Amino acid sequence: MSVFVNPLKSNKAKFKEEIELQIYNHKKVALYLEAASQSHRGAAKHYEDGNYELANLSNLEANNQIELAMERKKRLVKSSL
């Protein structure tokens, strides 16, 4: 006994899965950029307070978050081609 698989339904399921992955990646990029923004605000506050060591650490943290966002963004570009 063979089971008929509807290829159209299969393509729809694949498309839906790809869209869900796109949404997930967009949300991750947004979270990384929000974290970077928060770290940059923290760096500015530390600079105002004269705490340059913490300001530099906050800046480094922000840059790391931006790098993570860019890596995730590259996945978005690759998957949309």
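Values quoted throughout were computed directly from the atomic coordinates according to the rules given, and no laboratory measurement underlies them. It should be emphasised that the depicted structure is a prediction, and the values quoted were computed from it without experimental measurement. Cβ sites come from the backbone with ideal geometry, for glycine too, and all protein chains shown count toward neighbours.
Report, in degrees rounded to the nearest 10, the 0 to 90 angle that the Cα long axis of helix 52-80 makes with the longest principal axis of the chain.
Result, in degrees: 20.
Cross-link partners among lysines for Lys27, C-alpha distance below 24 Å, same-chain residues fewer than 8 apart left out?
List returned: Lys12, Lys14, Lys16, Lys73, Lys74, Lys78.
I'd like to know how the chain sits against the 2.2 N^0.38 Å rule of thumb: what's its Cα Rg over that expected value? All intermediate terms of the calculation are to be shown ahead of the outcome.
On the way: Rg = 20.6 Å, N = 81, 2.2 N^0.38 = 11.7 Å.
Relative to the rule-of-thumb radius for its length, the chain sits at 1.76.
For Leu54, what charge total do you get from the other residues with a beta carbon under 15 Å from its beta carbon, if Lys and Arg give +1 and Asp and Glu give -1?
Details: positive: Arg41, Lys45; negative: Glu48, Asp49, Glu53, Glu61.
Net local charge, Leu54 excluded: -2.
State the extension gain, in nm to one decimal, for the chain segment bounded by Gln38 and Ile23, taking 0.36 nm per residue of separation less the distance between their alpha-carbons. Walk me through the intermediate numbers first.
Numbers: separation 15, 0.36 × 15 = 5.40 nm, distance 2.26 nm.
3.1 nm is the gain from fully extending Gln38 to Ile23.
What Kirkwood Rh does segment 39-81 have if only Cα atoms enter the pairwise 1/r average? Answer in Å. Show your work: numbers first, answer last.
Numbers: mean 1/r = 0.0882 Å⁻¹.
Averaging 1/r across every pair of different Cα atoms and inverting gives 11.3 Å.
What is the local net charge at Gln38, summed over the other residues whose Cβ is closer than 15 Å to its Cβ (Lys, Arg +1; Asp, Glu -1)? Present the calculation step by step, with values, prior to reporting the outcome.
Working: positive: Arg41, Lys45; negative: Glu34, Glu61.
Net charge in that neighbourhood comes out at 0.
All other residues with a Cβ under 13 Å from the Cβ of Lys78 taken together, and with Lys, Arg as +1 and Asp, Glu as -1, what is their net charge? Provide the component values of the computation, followed by the final result.
On the way: positive: Arg72, Lys73, Lys74, Arg75; negative: Glu18, Glu71.
For residues surrounding Lys78, the net value is +2.
Can you compute the helix-only [θ] at 222 nm over the chain? Use -39500 (n - 2.57) per DSSP H run of at least 4 residues, normalise by all residues, nearest 500 deg cm²/dmol.
After summing the helix terms and dividing by residue count, I get -32500 deg cm²/dmol.
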